[in-house]
Amino acid sequence: MQEQKNDFGEGSIAGNIMSMAIPMTVAQILNLLYNMVDRIYIGHIPGAGSLALTGVGLTFPVISMIAAFANLFGMGGAPLCSIARGRQDFNQAQRIMQNAFCMLIGTGIFVTIAGFLIERPLLYAFGASDATYPFASDYLKIYLLGNLFVMIGLGMNPFINSQGFGKIGMITVTLGAVINILLDPLFIFVFHMGVRGAALATVIAQFGSAVWVLCFLFSDKPILRLRLKWEAPDWPVVRQIMTLGVSGFIMNFTNSVVQVVCNRQLQFYGGDLYVGVMTVLNSVRDVSTMGIQGIANGAQPVISFNYGAGKKERVKQGIRFMTVVCIIYTCVVWMVTLTFPGPLIRMFNSESKLVAAGIPAMHIYFFGFCFMALQFSGQSTFQALGEAKYAITFSIFRKIVIVVPLTFLLPMIPGIGFFGVFLAEPISNVVGGCASFFTMLFVVWHKRLGLAGGIE
């Protein structure tokens, strides 16, 4: 084992967080390009743009479920790895990473096989029509072929970041995004492959990211290295990883459930047009959350390391800094969506009907977006400190307890109709964000860290 380096217990907390958050935010931007480039090009396929975009949008819940399995082991293992590293327990940190890798491989193979077996009934259950199913199926089948690459790249990159190699983690995503951006127009428009070309470009890009991750983790550069030999899973360690990782799993899985419910409700009340509007709004939301995800993901290894090292004051500083930056960022994003809704929608589709329907929907959907910062800050702190039960509770609470029932109930209110589907999101941001953050203040700040006040 190499001598300890990337010690987050020394130096400025803000500096440590930003040294991780900046490359991770860049990675978030590039990761969104990974998906946005597909959507932008697909939305402008001559003669099929709107239906093709809607069809591909129907695959997002399935893709979120795949990401959920990657996060189960990646986001579950990486904070535990950082805590162990803070305690100088490198053997345990090594066991955590090795077991997470084995489980990612096994789960990836299982999910691929299951996906091919049930893709048709699944897509129709998720809101596909006879007009949109061919586009959704063409994209999903090819995407599933690259699922193992997704599991490795997405699941193992947090272990690179947890060791303090934020720039290497950024390159993982950069490589995939660049490949995807270059291949998308070639396959879609030059080779006339349509949505199949977009999916093939994504799979090749994911392969490039996975190869980069493995080359780095098998080299002598990281603090913790993957081993080539096969070992039987250490089930106590696997259970520990899954207990914490189930929060990230549920977060992705519940996103899928919400997307399915929203698509079905919009299909019923508004038709394919409003399913397309939701696809665009989800894309804009993905862009909008990249900053807070970068800050939260950058803060997690720093908070986890200092918590493992017993440095409570530095943990408090990390939480404070993360929260303030996230609040400022989300306020700016909210103002942008209010001021420039039309240009944001036209990035993905310029059809006049979709733009006209999307502008009022965007104003509703992004109302009170600043409360999302509280959700991220609370959830990330629970995750970083290994507080699995709270992380799981608030993953379920915001989406399943608030959004899903409201998505069914609000459209039934006279005068609201399908706009009730969009209204469920801001209500969940306010209620869920406040619940998560103020519970974190009581459980972590007051009880765990021993401060009887707020974070001022």
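Overview of results
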quantity: From GLY298, GLY276, residue being over 23 Å from PHE394 (Cα atoms), open to solvent by less than 30 Å² (accessible area, probe 1.4 Å), at pLDDT 80 or above and not aromatic (Phe, Trp, Tyr); calculated: GLY276
quantity: Matching residues in region 49-81 - criterion: being more than 30 Å from GLN163 (Cβ to Cβ), over 18 Å from the mean Cα position of the chain (by Cα) and open to solvent by 10 Å² or more (accessible area, probe 1.4 Å); calculated: SER50, LEU51
quantity: Given (1) within 29 Å of PHE422 (Cβ to Cβ); (2) open to solvent by 30 Å² or more (accessible area, probe 1.4 Å); (3) touching a helix residue (DSSP H, G or I) at 6+ places or on another chain (Cβ under 9 Å), index of the condition GLN317 fails; calculated: (1)
quantity: Identity of the residue in region 168-193, over 16 Å from GLY153 (Cβ atoms) and not aliphatic (A, V, I, L, M), that ends up surrounded by the fewest Cβ atoms within 10 Å (Cβ to Cβ); calculated: HIS192
quantity: Residue within region 200-212 that is open to solvent by less than 40 Å² (accessible area, probe 1.4 Å), under 25 Å from ASN16 (Cβ atoms) and in contact with a helix residue (DSSP H, G or I) (Cβ under 9 Å, 6 or more places away or on another chain) present; calculated: no
quantity: Single residue of ARG196, ARG239 found to be touching an Asp or Glu at 6+ places or on another chain (Cβ under 6 Å) and surrounded by fewer than 19 Cβ atoms within 10 Å (Cβ to Cβ); calculated: ARG196
quantity: Residue within region 177-195 that is under 30 Å from GLN94 (Cα atoms), modelled with pLDDT of 90 or more and touching a Lys or Arg at 6+ places or on another chain (Cβ under 9 Å) present; calculated: no
quantity: Only listed residue being within 30 Å of THR393 (Cβ to Cβ), part of a helix (DSSP H, G or I) and within 18 Å of the chain's Cα centre (by Cα), chosen from GLN259, GLN240, GLN265, GLN206; calculated: GLN259
quantity: Among the residues listed as VAL287, VAL324, the single one being open to solvent by 20 Å² or more (accessible area, probe 1.4 Å) and modelled with pLDDT of 90 or more; calculated: VAL324
quantity: Positions within region 110-124 being touching a residue at least 12 places away in the same chain (Cβ under 8 Å), open to solvent by 50 Å² or more (accessible area, probe 1.4 Å) and not basic (Lys, Arg), in sequence order; calculated: PHE116
quantity: Matching option when the condition is open to solvent by less than 70 Å² (accessible area, probe 1.4 Å), assigned to a helix (DSSP H, G or I) and of a type outside the set (D, E, K, R), among GLY386, GLY358; calculated: GLY358
quantity: Where THR107 falls short, out of the listed (1) open to solvent by 10 Å² or more (accessible area, probe 1.4 Å); (2) modelled with pLDDT under 90; calculated: (2)
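The values are calculated or read from the model by the stated rules, or taken from the named source; none is laboratory data. Predicted model only: the values in this text are computed from it and were never measured. Backbone-built Cβ (ideal geometry, glycine too); neighbour counts: all protein chains shown. Heavy atoms of the whole protein, side chains included, go into the accessibility calculation; ligands, DNA and RNA do not. Shrake-Rupley method; radii C 1.70, N 1.55, O 1.52, S 1.80 Å.
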